[in-house]
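Enquirer: What follows is a single structure, and I will ask about it in a moment.
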Amino acid sequence: MDERLRELLRGEDAWIVGGAVRDELLLRPVLDVDVACSDPRDAAHRFARRFGGAVFPLSERHGAWRVVADGIDETVDFTPLQEGIDADLATRDFTFNAIAESVATGEPYDPHDGRGDLRAGVVRAVTDSVFVDDPLRLLRAVRFEDELGFRMDERTEALLRASAAFATQPAGERVLSELRRLSAVGYRRLNDVGVLELLGGTPDQRLDALDDPDFRLVAAFGGGLERFPISNELKRYAAALLRARPPDDPSPRAIHRFRRATEPWALDALAYVGAQELVGVVEAARRADPSAPLGRGDELGLDPGPEIGRILDAIDEERAAGTISTREEALELARTLAPGCEG
C-alpha cells in the first residue's frame, strides 16, 4: 500500500490495519493509515525524519504515536503489536476493519472474512463483546451502515440492541463526532435500534429539511443539544433555529422581523420552521440591505442603554417596511418613540 512504510520497516513484523485497508478495498481515498508494529515510538520518529511531518504521542496508555504529514492532509498512526497480528485483529470492532496488510509483502491477512463482508455489504461484529468493550461502536455500526450503504447482520444487530443502554457512556465529543457523520436516514436507523432516544434525541421530521450536519443535530436534539460539548458558534446557530417562528406573511416587515431573529442563518431557519417557499423573499431582502443605517445611537441624544437599541431597531424595521427612507424621517420617528430624543 505504501512504499514509504515498506522502506522504513523492512525486515520488521509490521502491518497496515483498520480503515486504511478497508477503504483501499472499497476504492475510497485513504488519508489516515494505521500501522501495527513492534516499536511505535521509534517508527514514528524515523518516519517523520525520513519523510517529514510532526510527531506526537496519540495515546500514552496504549503506546500509540501519530505523524501528521507536512503540507498534505494525511496522518500515519503507529500502534504497538504486542501479541501478534491475530490478537490485534481480534480486538477490532467489525470484520471489515479486521483486515491487515503485510507491510513487507503487501499481502492481505483476513482471518475474519472481512473482504467477504465488504462484498456482501454486511456490518458484522468480530466478537460478541464488541459493544460492551467500547460503547461508541453502537454509533459506529449505524454510521458504517449509513456511509457505506451496508446492513448489520442479524447477530450484530441483536448484540447492538442488547447493549444500547451503554450508549451514554462514551465521551460527549466522541459521540458528537459520530453524530455529525450521520445522514437523516442514519438518524432514523439510530432511533430504530434504540440508541437515539437514550442520547436524548428524536427522529424529527425536519431531519430531511436541509442537508447539513449542524442542522440535523438541532433537528434531532433541539435544546438538549447543549448536553454535548458543542462550540459557541453551534450554540448560537441552535438558538437562532429554536427561537425561529414562521413569518406571518411575506411582507417586508414580517421578513425583516424574521431575519432580525435568525440572521445570519435565516435560510436555515426557514427550513427549520417549514417555510422554505420564502427563501427567494429572504434572499431578495438580503440583496436590498442598505449599506449604512439611517441614524446612529450617538445622534439621538439619549443616555446609553437598551432604549437606544429599541429605537434603532424600530428605525431599521420601518425602513425595511418602506415607511421611512431619510435621516430626517428616522430622527422624527425617534422623537416620537422617545420624547427626550434631541436628534
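Enquirer: Just for the chain, what percent of DSSP beta bridges are antiparallel, to the closest 5? Intermediate results must be reported in sequence, preceding the final value.
Expert: Working: 18 of 26 bridges.
Of the beta bridges lying entirely in the chain, close to 70 percent run antiparallel.
Enquirer: Set the Förster radius R0 to 35 Å, insert the Cβ-Cβ distance between Glu154 and Thr105 as r into 1/(1 + (r/R0)^6), and round the FRET efficiency to 0.05. Spell out each step's value before the answer.
Expert: Values: r = 36 Å, r/R0 = 1.02.
It comes to 0.45.
Enquirer: Whole-Hz Karplus ³J(HN,Hα) for region 44-54, in order, using 6.51 cos²θ - 1.76 cosθ + 1.60 and θ = phi - 60°, x for Gly and Pro?
Expert: 5, 5, 5, 4, 5, 5, 7, 10, x, x, 9
Enquirer: So, one more: Summing Lys, Arg as +1 and Asp, Glu as -1, what charge do residues with Cβ under 9 Å from the Cβ of Asp117 carry, Asp117 excluded? Could the numbers behind the result be given before it?
Expert: Values: positive: Arg115, Arg119, Arg124; negative: Asp113, Asp153.
Overall, the nearby charge balance is +1.
Enquirer: Work out from phi, with θ = phi - 60° and the Karplus expression 6.51 cos²θ - 1.76 cosθ + 1.60, the ³J(HN,Hα) of each residue of region 193-202, listed in order in whole Hz, and give x for Gly and Pro.
Expert: The phi angles translate into 8, x, 9, 4, 4, 5, 7, x, x, 9 Hz.
Enquirer: Extending each Cα 7 Å along its Cβ direction at Leu198 and Glu83, get the distance between those two points in nm, one decimal.
Expert: Each label point lies 7 Å from its Cα, and together they span 2.6 nm.
Enquirer: Separate question: Just the number please: accessible area per residue for region 225-265, 1.4 Å probe, all protein chains included, in Å². Before the final figure, lay out the partial values.
Expert: Values: 2370 Å² over 41 residues.
Here the per-residue accessible area is 58 Å².
Enquirer: Just how much of Trp65 is accessible, in Å², when a 1.4 Å probe is used and the result is rounded to the nearest 10?
Expert: 50
Enquirer: Further question: Would you please give the FRET efficiency between Arg253 and Glu12, computed as 1/(1 + (r/R0)^6) with r the Cβ-Cβ distance and R0 = 51 Å, to the nearest 0.05? Walk me through the numbers on the way to the answer.
Expert: Working: r = 73 Å, r/R0 = 1.42.
In this case the efficiency is close to 0.10.
Enquirer: Check Arg151: other-chain or 5+ apart residues with amide H under 5 Å from its amide H, H built from backbone geometry?
Expert: It is Val122, Val123, by chain and number.
Enquirer: With all protein chains present, how much of the accessible area of the chain (probe radius 1.4 Å) comes from carbon and sulfur, to the nearest whole percent?
Expert: Values: 8320 of 17150 Å².
Whole-percent figure for carbon plus sulfur exposure: 49.
Enquirer: Quick check on region 23-80: take the gyration tensor over C-alpha atoms, sort the square-rooted eigenvalues as a ≥ b ≥ c, and tell me if it's rounded (a/c under 1.5), prolate or oblate.
Expert: Values: a/c = 2.05, a/b = 1.31, b/c = 1.56.
It is oblate, given that a/c is not under 1.5 and a/b is not larger than b/c.
Enquirer: Excluding Arg287 itself, what net charge comes from residues whose Cβ is under 14 Å from its Cβ, given Lys and Arg +1 and Asp and Glu -1?
Expert: Computed value for this residue: -1.
Enquirer: Then there's this: Stretch Asp211-Ser177 to full length: gain in nm at 0.36 nm per residue minus the Cα-Cα span? Don't jump to the answer; show the numbers that get you there.
Expert: On the way: separation 34, 0.36 × 34 = 12.24 nm, distance 1.67 nm.
Taking 0.36 nm per residue and subtracting the Cα distance, the gain is 10.6 nm.
Enquirer: I'd like the antiparallel share, as a percent to the nearest 5, of DSSP beta bridges with both residues in region 1-101. Intermediate results must be reported in sequence, preceding the final value.
Expert: Details: 14 of 20 bridges.
Antiparallel bridges: around 70 percent, rounded to the nearest 5.
Enquirer: Considering only the other residues whose Cβ falls under 11 Å of the Cβ of Asn191, what net charge follows from Lys and Arg at +1 and Asp and Glu at -1?
Expert: Numbers: positive: Arg188, Arg189; negative: Asp192, Glu197, Asp204.
So the environment of Asn191 carries a net charge of -1.
The values are calculated or read from the model by the stated rules, or taken from the named source; none is laboratory data. What you see is a predicted model, and the numbers here were worked out from it, not measured in a lab. Glycine also receives a Cβ, built like all others from the backbone with ideal geometry; neighbour counts cover every protein chain displayed. To get the accessible areas, we keep the full protein, side chains included, count just its heavy atoms, and leave off ligands, DNA and RNA. Shrake-Rupley method; radii C 1.70, N 1.55, O 1.52, S 1.80 Å.
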